[in-house]
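*Asks:* The structure's right below; bear with me while I get my questions together.
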Amino acid sequence: MYTARDISDTLKDTYDYLAIHGKHLLGIWMLFAAPLLLLHHFLLSKLPLENVQALMDSGDFWIQLSAQNSINDMLGGLYPLVILSGVITQATSIVIILEHVKRTRASIEFGPDDIASLVPKIVLFSILYAGFSMVLGLSILFFILPFFFIGPKLCVVFQAYLLEDRSFSDSFVDSWKLTTYQFWPTIGLLLLLILFSFIYGSIVEIPNSFLLIAYDNLGIAEGALGNFFRTLSMGLFAVLSSLTTIVFQVALSFHYFNLKARNGDMIIV
């Protein structure tokens with residue numbers, strides 16, 4: 001039985017888990033999630049994002065964006081594939097992490113050979129992830145303050161869905177109810193995880209910046225080959241930055257176990 005823990009204990013549980021199982025989890029994540037992330041980065045690099053920046057600088061972004069085919073005019077026809085690859089990449093990453101946590105707790109071996117059996121779950125979870133991202137995205141875009149309420153209330157939706165095999169709708173209800181009496185500790189945990197991600201991302205970005213400067217100084221930043229190496233370099237550092245996803249999801253998993261323990265270790269109905 002998982003007993004109720006404080007936030008400091010949740011962070012310690014996360015550290016202990018990663019210290020014991022992190023190498024195995026990282027190996028599977030790098031084998032399957034990292035290549036998808038790198039592919040998404042290459043696809044993203046093909047979008048003419050400078051068109052969006054120019055339109056935003058012009059001051060009539062929303063007017064032009066509402067025009068028919070304006071997105072196609074700005075980004076071309078590749079952007080749906082970029083969005084789809086991003087969703088599948090994140091879904092694959094989260095499913096691998098949480099499936100590892102789930103099987104480890106049940107003392108069930110989890111290896112690369114098991115990934116094929118997770119493909120249907122990844123496809124279904126991609127739908128959940130896309131919907132979840134839209135909910136949070138709209139809350140940020142139109143209701144900035146409500147986002148700080150909605151985000152923490154839904155922070156363990158993925159855990160309920162993947163660790164407990166709940167339905168989409170029940171996962172949202174579970175997360176909302178479980179965080180009701182632990183709202184501020186949940187915000188505290190999320191802020192600590194965001195701070196960790198920011199610090200880690202800043203540290204990772206330092207060598208990447210020096211490497212890009214070196215490309216410019218050596219004169220190998222131009223041309224097709226130079227663009228390839230720049231994109232590959234930035235993609236590899238993007239993969240390193242995304243390792244925070246592992247810490248995030250493992251920490252939220254232990255937070256989910258904690259929330260369940262505080263509610264009598266019962267599934268919300």
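*Asks:* If each residue's Cβ is checked for other Cβ atoms within 10 Å, how do MET234, MET30, MET134 rank with the fewest at the top?
*Replies:* By the 10 Å Cβ count, ascending, the order reads MET134, MET30, MET234.
*Asks:* Can you work out ³J(HN,Hα) from phi for every residue in the stretch 23-36, in order, using Karplus 6.51 cos²θ - 1.76 cosθ + 1.60 and θ = phi - 60°, giving whole Hz and x for Gly and Pro?
*Replies:* Once θ is set to phi - 60°, the couplings for the stretch 23-36 become 5, 5, 5, 4, x, 5, 4, 5, 6, 10, 7, 4, x, 5 Hz.
Coordinate-derived values only; no laboratory data. Treat the numbers as computed from the prediction; the structure is a model and nothing was measured. FYI the Cβ positions are ideal-geometry reconstructions off the backbone, even for glycines, and counts take in every protein chain you see.
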